[in-house]
Amino acid sequence: MTAALSIKNLRKTYGNNFEALKGISLEVQAGDFFAVLGPNGAGKSTTIGIICSLVRKSAGEVSVFGHSIDTDFSSAKQELGIVPQEFNFSQFEKVRDIVLQQGGYYGLPRAKAAEQADKYLKKLGLWDKRDTPARMLSGGMKRRLMIARALVHEPRVLILDEPTAGVDIELRRSMWEFLREINAQGTTIILTTHYLEEAESLCRNVAIIDHGEIVQNTSMKSLLKRLNKEVFVFDVEGELKKAPELAGHIVEWVDEHSFEVEVEKGQSLNHLFAELTRQGLEVVSMRNKANRLEELFVSLVASSRGEGTDGV
Amino acid sequence: MEFNAQMVALGTIVRKEIKRFSRIWVQTLLPPVITMSLYFVIFGKLIGSRVGTMDGISYMQFVVPGLIMMAVLTNSYTNVVSSFFSAKFQRSIEELLVSPTPNVIILLGYCAGGMARGLCVGALVTVVALFFTDIQVHSWPLTAGIIFLTSLFFSLAGFINAVYANTFDDISIVPTFVLTPLTYLGGVFYSVSLLPEFWQWVSHLNPILHMVSAFRYGMLGTGGENVGFAFAGLIVFTAVLFAVGLHLLKSGKRLRA
């Protein structure tokens, strides 16, 4: 089966000799929901820039559904929808006009472009703002406008660069639902994000880039399986003077009502609860201290830099 | 991209450009009409009535073709340079660059937008001129050909300026320090035959002089000794600018990282 996106030995050196990409290779299968993670300056946006032709590559090959961006750029671009990190539409034009024009740039006849524009403006909750100049929209609305614009020609691959940056939680979750919906309908989605919870919740496969190289390229499940320990916070009823002693666990007192317990992979939570009950502690709530993927991400990036790992 | 789809993309760019300058007509269409009206009143009517004839025709009739030409070339240039640079500045040009629209369509679309504004202002100035004098056209094909090519030439020049520009200052340098002096010294208000021989020779290096003279000949039928040269020159230089514009888009200079 032809990959939705295929990248081979992609390199980019900018004019100031900064080597942003050091020969990365990547394949994203059709229908996948794929996360590209990495710290700031890792090369994520450069990669996306090359795929959508806003950045000129130094070497390597990129193809979208088998169409090379060098030799068959028109077909390759037709398959792609791009939602960039920065707002990149005219602030003075009306919302509907922006989406409609994008349809025209992809060769959609005006009536068809209008139909598509209206469909996505309604789906993304922008229909009431269709005649509003883009500069009057809130940050979240501007992001949704860019998604509507990217989808107007119904691409088979949608690439989103930090789509929920600066978006409030409610809106972020509604955008997740929308992205899940279009992915279920067959659109391949590739997204970069700083919200690791977002990647964990949405994506099936993941690549981690650091310093222009791919550090990990695997499924989200197998990545999370590599997590060896987690820290849970327990809230208890009554006053807690010190951390309870729990054999086989590192325990830290947090305050009069809570403490943290480190649980290694394979250790029984039942046993832990039984011990707490035996010591007369009434647990009223329990939560994971940190995002699991975040811990893993920090550890993998540190490992790739030769800074040592802890617990992975 | 198939031909029909390319035409849709071209139509989209042209429509967007026309919509843009129509939306801000107080900044784009009205000022040149007011300025040219003042020129007609002051130079054509008040001063012109004391000048008498120029190259055998009334001074008012003499300045009308030059003022129309001045309006067309200035507005064609200004429209493309400001619109394309603004798209670069706001990064909305990326909407086009990520799409399958070929470079030649992008270039043609922006130039068509510049020509639409230039010719629209030219038509308005012509209407204003009708309040001051009768307008005859000696040769419609020549008049239309020269005005069309001039408008395209300056639209292309505006496009190239916009590609190289990094700041808003950069888009006003050429109009202020190159275009305006060349236009004022390009035989709009006087016949170069009034100048000493050396300055006549220098004036003939100014391309705008040839455009204005050819246009004046097309309208009035006088002073047409260099029309063929002007026409051929315009075609050659327009083709050169078109090739440069296309090369800049293809190479991605100042547009792609």
* Distance from the range B:191-257 to the range B:101-167 (C-alpha centre basis), Å -> 13 Å
* To do: Go from 0 up to the bin containing the longest alpha carbon distance in chain A, width 10 Å each, and give me the % of pairs per bin.
  => 6, 23, 27, 21, 13, 8, 2, 0
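Distance check, please: which entries in A:K229/A:K289; B:K16/B:K253; B:K19/B:K88; A:K94/A:K122; A:K265/A:K289; A:K123/B:K88 exceed 22 angstrom between their Cα atoms?
Pairs exceeding 22 Å: B:K16/B:K253; A:K123/B:K88.
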* Asked: Cβ under 15 Å from B:R254's Cβ, B:R254 left aside: what net charge do those residues give with Lys, Arg +1 and Asp, Glu -1?
  -> +4
* **Hull volume in cubic angstrom per residue (convex hull over the Cα atoms of the range A:227-292)** => 77 Å³
* If one takes the longest principal axis of the Cα atoms in chain A, at what angle in degrees, from 0 to 90 and to the nearest 10, does the Cα axis of helix A:292-304 lie? -> 80 degrees
* How many percent of Cα pairs in chain B exceed 29 Å? -> 32 percent
* Structure fact -> Listed by chain and number, the residues whose amide H is under 5 Å from that of A:Y106, excluding neighbours fewer than 5 places away on the same chain and using placed H, are none
* Structure fact -> In this structure, the FRET efficiency calculated for A:N270 and A:A59 from their beta-carbon separation, with R0 = 56 Å, to the nearest 0.05, is 0.50
* Compute the long axis of helix A:95-105 from its Cα atoms, compare it with the longest principal axis of the Cα atoms of chain A, and write down the angle in degrees, 0 to 90, nearest 10. => 60 degrees
* **Size-normalised alpha-carbon gyration radius of the protein assembly as shown, reference 2.2 N^0.38 Å** => 1.32
* Quick one: B:V163, A:V36, fewest Cβ neighbours within 10 Å first, how do they rank? -> B:V163, A:V36
* Structure fact -> In the neighbourhood of A:A4 defined by beta carbon distances under 11 Å, the net charge of the other residues (Lys, Arg +1; Asp, Glu -1) is -2
* Dipole magnitude (debye, nearest 20) for the protein assembly as shown, charges at Cβ of Lys, Arg, Asp, Glu -> 1860 debye
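If we count every other residue with Cβ under 11 angstrom of A:K44's Cβ, Lys/Arg +1 and Asp/Glu -1, where does the sum land?
Numbers: positive: none; negative: A:D161, A:E162, A:D210.
Neighbour charge sum, excluding A:K44 itself: -3.
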* Structure fact -> Among B:G48, B:Q27, B:M60, the residue whose Cα sits farthest towards the positive end of the charge dipole of the range B:1-74, when +1 is placed on the Cβ of each Lys and Arg and -1 on the Cβ of each Asp and Glu, is B:Q27
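Looking at the range A:68-134, which GluC sites (Glu not before Pro) are DSSP coil and have at most 11 other C-beta atoms within 10 Å of their C-beta?
Values: sites: A:E79, A:E86, A:E93, A:E115; in loops: A:E79, A:E86, A:E93.
Taking the range A:68-134 and a limit of 11 other Cβ atoms within 10 Å, the loop GluC sites (Glu not before Pro) found are A:E86.
Report the relative contact order of the range A:94-151, percent, no decimals, based on alpha-carbon pairs under 8 angstrom and at least 6 residues apart.
Relative CO of the range A:94-151 lands at 47 percent.
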* **Helix A:269-278 axis, angle to chain A major axis (alpha carbon atoms, nearest 10°)** => 40 degrees
* Hey, what did the range A:227-292 get for relative contact order, percent, Cα under 8 Å, at least 6 apart? -> 47 percent
* To do: Could you line up A:R204, A:R172 from fewest to most neighbouring Cβ atoms inside 10 Å?
  => A:R204, A:R172
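Where nothing but the Cβ of Lys and Arg (+1) and of Asp and Glu (-1) is charged, how large is the charge dipole of the range A:227-292 around its Cα centre, in debye to the nearest 20?
With Lys and Arg at +1 and Asp and Glu at -1, about 300 debye.
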* Helix-only CD estimate at 222 nm, as mean residue ellipticity for chain A, using -39500 (n - 2.57) per DSSP H run (n ≥ 4) -> -10000 deg cm²/dmol
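Would you order B:M36, A:M1 from fewest to most other beta-carbon atoms within 10 Å of each residue's own beta-carbon?
Lowest to highest Cβ neighbour count: A:M1, B:M36.
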* Structure fact -> Per the rule of 0.36 nm per residue minus the C-alpha distance, extending A:E197 to A:A30 adds in nm 57.8 nm
* Length-normalised contact order of chain B in % [C-alpha pairs under 8 Å, at least 6 apart] -> 26 percent
* **Global size of the range B:65-112 as Cα Rg and Dmax, reported in angstrom** => 13.3, 42
* Using only the Cα atoms, work out Rg/Rh for the range A:94-151, with Rh taken as the Kirkwood radius, to two decimals. => 0.94
* Structure fact -> the range A:243-261 and the range A:1-40 have their Cα centres apart by a whole-number Å value of 43 Å
* To do: Let me know the shape class of the range B:169-249, please: from the alpha-carbon gyration tensor, a ≥ b ≥ c as square roots of the eigenvalues, rounded when a/c is under 1.5, otherwise prolate if a/b is greater than b/c, or oblate.
  => oblate
* What's the longest piece of chain B with no exposed chymotrypsin sites (Phe, Trp or Tyr not before Pro), counting a site as exposed if DSSP puts it in a loop and it has at most 15 other beta carbons within 10 Å? -> B:1-130
* Assuming R0 = 30 Å, can you tell me the calculated FRET efficiency for the pair B:F89 and B:L30, based on Cβ-Cβ distance, to the nearest 0.05? => 0.80
* At what distance in nm do the modelled label points of B:I42 and A:M286 sit from each other, each positioned 7 Å from its Cα along Cα→Cβ? -> 8.7 nm
* Asked: In deg cm²/dmol, rounded to 500, what helix-only [θ] at 222 nm does chain B give when every DSSP H run of at least 4 residues adds -39500 (n - 2.57) and the total is split over its residues?
  -> -23000 deg cm²/dmol
* Asked: To the nearest 20 debye, what is the magnitude of the charge dipole of the range A:94-151 about its Cα centre, counting +1 on the Cβ of each Lys and Arg and -1 on the Cβ of each Asp and Glu?
  -> 140 debye
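Each reported figure results from applying straightforward, stated rules to the coordinates on display, with no laboratory input. Just so you know, these numbers come straight off a predicted model, no measurement behind them. Neighbour counts are summed over all protein chains in view; Cβ atoms, including those assigned to glycine, are modelled from backbone coordinates with ideal geometry.
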